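The structure appears right after this line, and notes come after that.
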Amino acid sequence: MKKGFLIDMDGVIYGNDTLIPGADKFIKTLQKEDIPFLFMTNNSQRTPLDAVNKVARMGIKIKEENVYTSAMATAYFLSFMNPNGTAYVLGEGGLITSLHQHGYTLVNQNPDFVVVGEGRNFTLEMVNNAVDMILSGAKLIATNLDPSPMKKGWSNLGIKAIVAMIEEATGKKAFSVGKPSPVMMRSARKYLGLEARETIIIGDTMDTDILGGVQLGYTTILTLSGVSKAEELNNYAFKPDMIINSVAELDLKKALELQ
């Protein structure tokens, strides 16, 4: 039975802009062994090409088809919910590009959806516009609900903070497409051409990558090189199939034999 990997990026392959030691060798091994893989990220700001260029600077050579973002999942989802619809977007490059590619028109009034993604160019006026549109009937969509890092000097708020403000102002709950939503987890797996039992997900966060994988019956591998720490694992009612310190120490043969 063939198997393949859905691989989170930040915390698994790199931390901020620094390669996690051994991650480059792991990806080269997958390429050499012709094992299908997909970098799967909740970041909706970057396009696949942006992600390709980012890891290239760290010595990892991949193609755009090796990247799947929450922007791509969101656009795919909306194209089924309301083909060739309209959207008012609080977001940037990757999200805008994906929506256009799926036949969506970006508008400044009477949209079918208000879509919130990562970005640094939000204004209060834009948020007020979004609130008015939702109160007039537009549906609220979030590319993900990642929290803010709660660090001094961080210039890019987590989407959860922006969405919470809009939800409070409208009384409407957002539908989130990104991890751990089954929408993104399933569409990424299909994009890679695998069945659920053939899919292995590697992530650094119990609340997104591992939770999403467990819910859909994927094989799950937690790496401790990112967000979740070993001492926190007893706080969860679910657990990954394998725990590693980083992808550098992953026994690929053992991982492929996990059921």
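The values are calculated or read from the model by the stated rules, or taken from the named source; none is laboratory data. Quick caveat, the model's predicted, so the values are computed rather than measured. Please note: Cβ atoms are built from the backbone with ideal geometry, for glycine as well, and neighbour counts cover all protein chains shown. Accessible surface areas use protein heavy atoms only, side chains included; no ligands, DNA or RNA. Shrake-Rupley method; radii C 1.70, N 1.55, O 1.52, S 1.80 Å.
Structure summary
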item	result
Identity of the residue in region 127-141, in a helix (DSSP H, G or I) and under 27 Å from the mean Cα position of the chain (by Cα), that ends up surrounded by the fewest Cβ atoms within 10 Å (Cβ to Cβ)	Asn128
Residues of region 68-102 classified as touching a residue at least 60 places away in the same chain (Cβ under 8 Å) and within 15 Å of Leu140 (Cα to Cα), total	5
Count of residues meeting criterion [farther than 21 Å from Ala196 by Cβ, touching a Leu at 6+ places or on another chain (Cβ under 9 Å) and in a loop (DSSP other than H, G, I, E, B)] in region 23-45	3
Output for region 201-251, where each listed residue is open to solvent by less than 30 Å² (accessible area, probe 1.4 Å), closer than 21 Å to Ile27 by Cβ and either small (Gly, Ala, Ser) or more than 17 Å from the chain's Cα centre (by Cα) (or both)	Gly203, Gly213, Thr219, Gly226, Pro240, Met242, Ile244, Ser246, Val247, Leu250
Some residue of region 3-22 being more than 30 Å from Val115 (Cβ to Cβ), in contact (Cβ under 8 Å) with a residue 24 or more places away in the chain, in contact with a helix residue (DSSP H, G or I) (Cβ under 8 Å, 6 or more places away or on another chain) and open to solvent by 40 Å² or more (accessible area, probe 1.4 Å)	yes
Every residue from region 190-236 that is assigned to a helix (DSSP H, G or I), over 16 Å from Leu38 (Cβ atoms) and touching a Gly at 6+ places or on another chain (Cβ under 8 Å)	Arg197, Ile210
